[in-house]
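Report on the structure given below.
The values are calculated or read from the model by the stated rules, or taken from the named source; none is laboratory data. What you are looking at is a predicted structure, and each value in this text was computed from that prediction instead of being measured. Reconstructed Cβ throughout: ideal geometry from the backbone, glycine too, with neighbour counts over all protein chains shown.
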Amino acid sequence: MKDDMDLSTRNKIMQMLKTSGELTTKELTDQLGITGMAVRRHISILERDNLIVSTTVRLPMGRPAAVYRLTDQAEDYFPKKYHAVALDLLAELEGEAGENMVNHLFDLRKTTLMQRYESKMANKDLEHKVAVLSDIQNENGYMATWEKSGDEFVLTEHNCPISRVANKYNHACNCELNLFESLLDAQVSRTDCLANGDKKCVYRIRPQ
């Protein structure tokens with residue numbers, strides 16, 4: 001219970017810094033209604049986690065004070081509705097140029113990603129390629145893991161940053177499957193898909 005209260009207090013501090021920009025320890029203490037020692041403990045944890053940073057400023061009266069603000073990393077903790085913007089833009093494009101143009105856009109993205117990552121696959125066997133692909137997907141927020149199962153490899157994605165887009169425009173999933181086949185130079189089949197309501201995306205990979 002105490003851990004939940006501590007987390008709630010740190011969330012409040014981040015919300016306050018988000019709306020105010022910068023605050024001193026005293027300002028945080030006054031607004032939260034808790035002791036200065038408790039605020040400093042929470043601040044120490046937030047600094048350790050690279051969510052806030054401080055600078056020392058001179059005040060009109062008294063000693064210089066530390067002023068706290070959010071780091072760039074902290075922005076990830078606040079709601080972002082990028083998918084809504086993306087869906088709106090794709091709907092506008094579909095209305096103006098048709099579904100084929102939307103599909104063409106996903107094809108272009110696949111080509112761009114292929115050009116970006118194919119050098120990482122050069123001169124590697126299939127197992128190392130799967131490991132590299134898993135790392136690439138993790139860097140992009142897919143929470144990927146992989147394992148060898150008999151004579152095939154299984155790549156599992158526990159998160160899909162574009163699931164809402166892919167749910168409406170399934171060609172995005174087809175492009176990802178084709179991208180994996182091209183990067184790995186292997187047979188790839190998808191047995192589970194987050195965009196279709198499954199709990200994860202699962203790819204089964206076999207040598208050509």
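If the condition is being in contact (Cβ under 8 Å) with a residue 40 or more places away in the chain and among the hydrophobic types (A, V, I, L, M, F, W, C), then region 103-129 contributes Phe106, Leu113, Met114, Met121, Leu126.
The set of residues in region 131-165 that are buried (at least 19 other Cβ atoms within 10 Å of the Cβ), out of contact with any His (no Cβ under 8 Å at 6 or more places or on another chain) and aliphatic (A, V, I, L, M) comprises Leu133, Leu155. Taking the listed residues Arg48, Arg63, Arg40, the one that is modelled with pLDDT under 90 and of a type in the set (Lys, Arg) is Arg63, with no other qualifying. Screening region 79-118 for residues that are more than 17 Å from Leu177 (Cβ to Cβ) and basic (Lys, Arg) and picking the one that is nearest to the chain's Cα centre (by Cα) gives Lys80. For region 166-208, taking the residues that are among the β-branched types (Val, Ile, Thr) and surrounded by fewer than 18 Cβ atoms within 10 Å (Cβ to Cβ), the one that is nearest to the chain's Cα centre (by Cα) is identified as Val202.
For region 54-108, the set of residues classified as of a type in the set (Ser, Thr, Tyr) and farther than 19 Å from Ile43 by Cβ consists of Tyr82 only.
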